[in-house]
Amino acid sequence: MAVISQFLENAISYLKGVGPQRAETLNKELGVHTYRDLLFYFPYRYVDKTQFYKVNQITAKNTHVQVKGILSPFKLIGQGRSKRLVASLKDDTGQVQLVWFKGHQWIKKILAPGKEYVVFGKPNLFKGQVNIAHPEMDLSNEYESEQTIKMQPIYNSSEIAKKKGLDTKAISKLTYNLVSELKQNDVLENLSEEVIDKYQLISRYQALKSIHFPSSDQAMTDAIRRLKFEELFFIQLKLLRLKVNRQSKLKGFEFDVLGTFFNEFYDTKLPFELTNAQKRVLKEIRQDVKSGRQMNRLLQGDVGSGKTMVALLSMLMALDNGFQAAIMAPTEILAQQHYQSIQELLYGMNINVALLTGSVKTSEKQNILERLKLGDIHILIGTHALIEDPVKFKNLGLAVIDEQHRFGVAQRARLWKKNTTPPHILVMTATPIPRTLAMTLYADLETSIIDELPPGRKSIQTEHRYDSHRLRIFGFIREQIKLGRQVYIVYPLIKESEKLDYKDLMDGYESVVREFPLPDYKISIVHGQMKPEDKEYEMRRFVNGETNIMVATTVIEVGVNVPNASVMIIESAERFGLSQLHQLRGRVGRGAEQSYCILVTGNKLSKEARERLKTMVRTNDGFEIAEVDLKLRGPGDMEGIQQSGVVDLRVADLVKDVRILQEARQTAIDILEEDPELVTGKNNPLKNYLDQKRTQKIGWSKIS
Ligand code: ADP
Ligand code: MG
């Protein structure tokens, strides 16, 4: 192992310019304990000090300006606390006021009116006039020769730290001291020469110096790119190593044969031709389940892309090999619906399917559990109830998790324990995840994508309407019902204001009932506070076409399939997130008829809400919508991502750095393919770095 310099492990108090008090502020306020911490305390932007403003170009909007001009004599103005020293700086376009609130004697002593100065600072607006308070001042003729910093780094600091004198300028003095002392072998290169050459990266040493004090725009860009690459590369390497490890260690059931169940179903029961995307995904699954390794596959497919059929065919593969299969849905309604449709599809085949949800009666539940243990039930469909402890399979071979975003990783893990060898796992989600996030979040899962809808679907027409258009909307609903269609009207249900939402829903329901009276119109209502059997009853009436309108909260969001429903009205649409809107819209457009989605909002809309609505109107493509969602909300707010920790990035940005992420990921894949244990000489830098990081971590845990 290479000799590691201890320089960066020095406590920050040893650094020039840091006394015990500063050290404490750095520790507490900025989390900086060591030289290393400070080195990795990167600026978030720079001010180009090679650029000069003219006085008449300065506005209070500029965050920093640098101007050159002649200093006027000082004047002391104001009384008491507002007493201040002022002077002006004059160039050929005008003059700007400079202000000092303290240190008057010192300022007067070191600055010489009548001379030309280079002034740097933040312009403020004071009584309609722009001034610069406590500017940095350098004599013009000394400036050129002294000026070593071309790009002034700007650092984040906390309010308390600033009060204690640790503002961006003070921090930059410290980083300057640190970087001046930093030697080549204090920072080990952690990428191989091959990678550095291939992507034309600068060295790690150079990058860590330049990120603080770049000599030019180009130097700054190069430093940032290098550090982003490194950051993303090591995340990928870590996740991919996990995957490689799991693949080599975790044995899985081998589904060798495609037997009678699969073939009989495929040849005689399949109600339609599979889309090419469905076929491709099935092949991918087939490869996994016969490989002898446990499958952990994520299936992404837009709403209505036909994931259920893929799940069913995969389950038949399990059955053909003597295993049981299970499918787990996030809601009771959805589980019911899977049960119903799977039973219909399998009608006449010798396959026992059972439904297990929270509302199944105890006696029946007991019976199901018994038969499950004996292997008499081949396919179990259910909700969370399915992962509870009493549920024991004879031989579970495949578990499908539908609409994954509602299931946590921990729940997924409980399924693993349902057999001595973990069953194959197929996770299905209709909330498309932006590519960049999928690459990071699910780097340890295999992913399949159904990127094609079954043929003959008419794309849903989406419109945005204001509350004031309600009468026209009602008219449209009437028209559609006359044509024999069914209509959803959905109200938001957001936890924090559950009571208010409930009232909105009930008010809405009443106005719908008034507008669409019996006997011409029949209305169902479903919401979260109903008993499961009432929900089921209302739902069933709508599914069977006995009611024309379904008034509901978002409980119908996921998965529900009523092909004759062709209109989705979303009330208070501005309150829904993009992925939710997209999910809801996916409830229509499932039959042969032209379908419509009407987003109803109030007149007052935030910029973001407007952007969401515009996106919905513009596109039906779930992946595109997911990308917009990511841009609007940032990765931290995306569903299921907070817990993952993967977006805790220092320099890289999952929205903007797609390209670098792809390069970094590909690099990690190539390296692991060639050298999974990282033992060859050229990968030494990586290996050393990982080892070093490990020891650093141990060091930290000792402290805290
Ligand atoms: P999702 O992917 O949203 O779960 P579903 O599996 O519920 O979608 O399928 C939506 C509808 O499309 C169902 O009515 C299903 O029968 C139908 N479907 C699925 N695959 C095909 C196909 N290849 N051709 C025609 N219809 C299909
Ligand atoms: Mg589905």
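Per-structure values
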| item | result |
| --- | --- |
| Test item: Cα-centred dipole of the chain, Lys/Arg +1 and Asp/Glu -1 on Cβ, debye | 2340 debye |
| Taking the convex hull of Cα positions in the range 104-231, its mean projected area over all directions (nm²) | 11.5 nm² |
| Rounded tilt (10° steps) of 362-374 against the dominant C-alpha axis of the chain | 90 degrees |
| Order of exposure, largest accessible area first, which applies to Arg297, Arg633 with probe 1.4 Å | Arg633, Arg297 |
| Percentage relative contact order, the chain, counting C-alpha pairs under 8 Å, at least six apart | 12 percent |
| Tensor-based shape of the range 181-281 (alpha-carbon gyration tensor, a/c under 1.5 rounded, otherwise prolate or oblate) | prolate |
| Rg and Dmax [Cα atoms of the range 554-633; Å; Rg one decimal, Dmax integer] | 12.4, 36 |
| Listed residue pairs exceeding 30 Å between alpha carbons, taken from Lys127/Lys656; Lys49/Lys656; Lys162/Lys228; Lys238/Lys279; Lys49/Lys682 | Lys127/Lys656; Lys238/Lys279; Lys49/Lys682 |
| Filter on Lys283/Lys394; Lys115/Lys209; Lys307/Lys522; Lys28/Lys163 - keep pairs with C-alpha separation over 24 Å | Lys283/Lys394; Lys115/Lys209; Lys307/Lys522 |
| Accessible heavy-atom area order of Lys75, Lys279, highest first, probe of 1.4 Å | Lys75, Lys279 |
| Percent antiparallel among DSSP beta bridges (both partners in the range 461-619, rounded to 5) | 0 percent |
| The range 461-619, relative contact order [Cα under 8 Å, separation at least 6], % | 33 percent |
| Where the Cα pairs of the range 47-182 fall when distances are cut into 10 Å bins, in % | 11, 38, 39, 11, 1 |
| Nearest-10 value in Å² for the accessible area of Lys614, using the 1.4 Å probe | 130 Å² |
| Fraction of the pair-distance distribution of the range 235-281 above 12 Å, Cα-Cα pairs, percent | 76 percent |
| With DNA, RNA and ligands ignored, accessible area of Phe40 (1.4 Å probe; Å², nearest 10) | 30 Å² |
| Computed [θ] at 222 nm, helices only, for the chain once each DSSP H run of length n ≥ 4 contributes -39500 (n - 2.57) | -12500 deg cm²/dmol |
| Euclidean distance between Cα centres, the range 665-685 to the range 251-329, Å | 34 Å |
| Per-residue SASA entry for Glu388, accessible area with 1.4 Å probe, Å² rounded to 10 | 80 Å² |
| Residue-by-residue Karplus 3J(HN,Hα) for the range 584-600, coefficients 6.51, -1.76, 1.60, Hz, glycine and proline x | 4, 4, x, 6, 10, x, 9, x, 7, 7, 4, 10, 10, 10, 10, 9, 9 |
| Of Lys68/Lys122; Lys102/Lys150; Lys61/Lys169, pairs whose Cα-Cα distance is over 25 Å | Lys102/Lys150 |
| DSSP bridge pairs, the chain: antiparallel proportion in percent, nearest 5 | 35 percent |
| Charge-dipole axis of the chain as Lys and Arg at +1 and Asp and Glu at -1 on Cβ define it, positive-most pick from Ile351, Leu258, Ile660 | Ile660 |
| Between the range 530-574 and the range 195-227, the Cα center-to-center distance that results, in Å | 56 Å |
| Anchor Lys392: lysines whose Cα lies under 16 Å away (excluding residues fewer than 8 positions away in-chain) | Lys365, Lys373, Lys417, Lys418 |
| Dimensionless Rg/Rh of the range 7-53 - Kirkwood Rh, Rg from C-alpha atoms | 1.14 |
| Highest to lowest packing among 354-361, 366-373, 600-607, scored as the average C-beta count within 10 Å | 354-361, 366-373, 600-607 |
| Distant alpha-carbon pairs in the chain (separation over 37 angstrom), percent | 55 percent |
| Per-selection Kirkwood Rh - the range 654-697 (Cα, Å, 1 d.p.) | 11.8 Å |
| Using alpha carbons only: equivalent-ellipsoid semi-axes of the range 260-450, gyration tensor based, whole Å | 24, 20, 16 |
| Student exercise, the range 1-106 dipole from Lys, Arg, Asp, Glu Cβ charges, in Debye to nearest 20 | 540 debye |
| Prolate/oblate/rounded call for the range 1-123, Cα gyration tensor, a/c under 1.5 rounded | prolate |
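The values are calculated or read from the model by the stated rules, or taken from the named source; none is laboratory data. This one's a predicted model, so the numbers in the text were calculated from it and none came from an experiment. FYI the Cβ positions are ideal-geometry reconstructions off the backbone, even for glycines, and counts take in every protein chain you see. Just the protein is used for accessible areas: all its heavy atoms, side chains included, with ligands, DNA and RNA removed. Shrake-Rupley method; radii C 1.70, N 1.55, O 1.52, S 1.80 Å.
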